[in-house]
Amino acid sequence: MLLFCYGSNLLMERLRERAPEAEAAGVAVLRDHRMTFSKRGRDGSGKCTIAPVSAGADQVHGAVVRVTIADRAALDEAEHGYALQPLRIETAAGPLDVTTYVAERDFIDHALKPFGWYKDLVLSGAAQHALPVEYIEGIRAVEARDDSDLDRATRHRSLIPTAWRPMP
């Protein structure tokens, strides 16, 4: 399956924890949508989701990734509170039909903030795929909060290769 990744799954090391055979297939843009950190995670913090907006108002940059059927079940389990949705994205080669994980309505809370480590995963994945600098700066501007579980924060940040670690 072709999957459009726009949140923490942008970082291939993070995605391969869940889908070991995942392969990056390029970058893409989803027009008339916005990415927010408003999906309530199991840990109570904000995770990424996307939502449609007025025509021409916004776009989401991300990566197209090939995921095997064998990896799909583990990925579905990890994406608790998300549902797979089909979409049409734009690539350098033209339009492409893919699927992506979008937060289910009951898991949306616009008051949430991401943990700093989660935001770092998203930033590092965006850098890894060379997404536009302006888009990365928009993610960097999102206010994050500290995770009181230092072991969890350390474990997740350890996934980020040195070359892609965000600057403080």
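Nothing in this text is a laboratory measurement; each read-out follows from the coordinates by a stated rule. Since this is a predicted model, take the numbers as computed values, not measurements. Note that each Cβ is placed from the backbone with ideal geometry, even for glycine, and that neighbours are counted across all protein chains shown.
Using the number of other C-beta atoms within 10 angstrom as an exposure proxy, rank Glu134, Glu104, Glu21 with the fewest first.
Arranged by neighbour count, lowest to highest, Glu134, Glu104, Glu21 become Glu134, Glu21, Glu104.
How large is ³J(HN,Hα), in whole Hz, for each residue of region 71-87 in order, when computed from phi with the Karplus curve 6.51 cos²θ - 1.76 cosθ + 1.60 and θ = phi - 60°, using x for Gly and Pro?
Values per residue, Gly and Pro as x: 7, 4, 4, 5, 5, 4, 5, 5, 8, 4, x, 10, 10, 6, 10, x, 8 Hz.
Using a 10 angstrom cutoff on alpha carbons, build the Gaussian network for the chain and name the most mobile of Ala127, Ala55, Ala83.
Comparing Ala127, Ala55, Ala83 in a Gaussian network model of the chain, the most mobile one is Ala55.
Would you list Trp117, Trp164 from fewest to most Cβ contacts within 10 Å?
Arranged by neighbour count, lowest to highest, Trp117, Trp164 become Trp164, Trp117.
Sort Ser124, Ser148 so that the residue with the fewest other Cβ atoms within 10 Å of its own Cβ comes first and the one with the most comes last.
Ser148, Ser124
Explain nothing, just the number: relative contact order of region 24-86, from Cα pairs under 8 Å at least 6 residues apart, as a whole percent.
Here the relative contact order equals 38 percent.
I'd like the Karplus ³J(HN,Hα) series for region 50-63: coefficients 6.51, -1.76, 1.60, θ = phi - 60°, whole numbers in Hz, and an x wherever there's a Gly or Pro.
Coupling constants for region 50-63: 10, 8, x, 9, 3, 3, x, 7, 7, 8, 10, 9, x, 10 Hz.
Would you work out the relative contact order for region 2-163, in percent, from Cα pairs under 8 angstrom that are 6 or more residues apart?
29
Using Cα pairs under 8 angstrom and six or more residues apart, how large is the relative contact order of region 96-168, in percent?
Normalised by residue count, the contact order of region 96-168 is 42 percent.
Out of residues 5 or more away from Glu104 or on other chains, whose amide H comes under 5 Å of its own, with H placed 1.01 Å from N in the peptide plane?
Tyr82, Ala83
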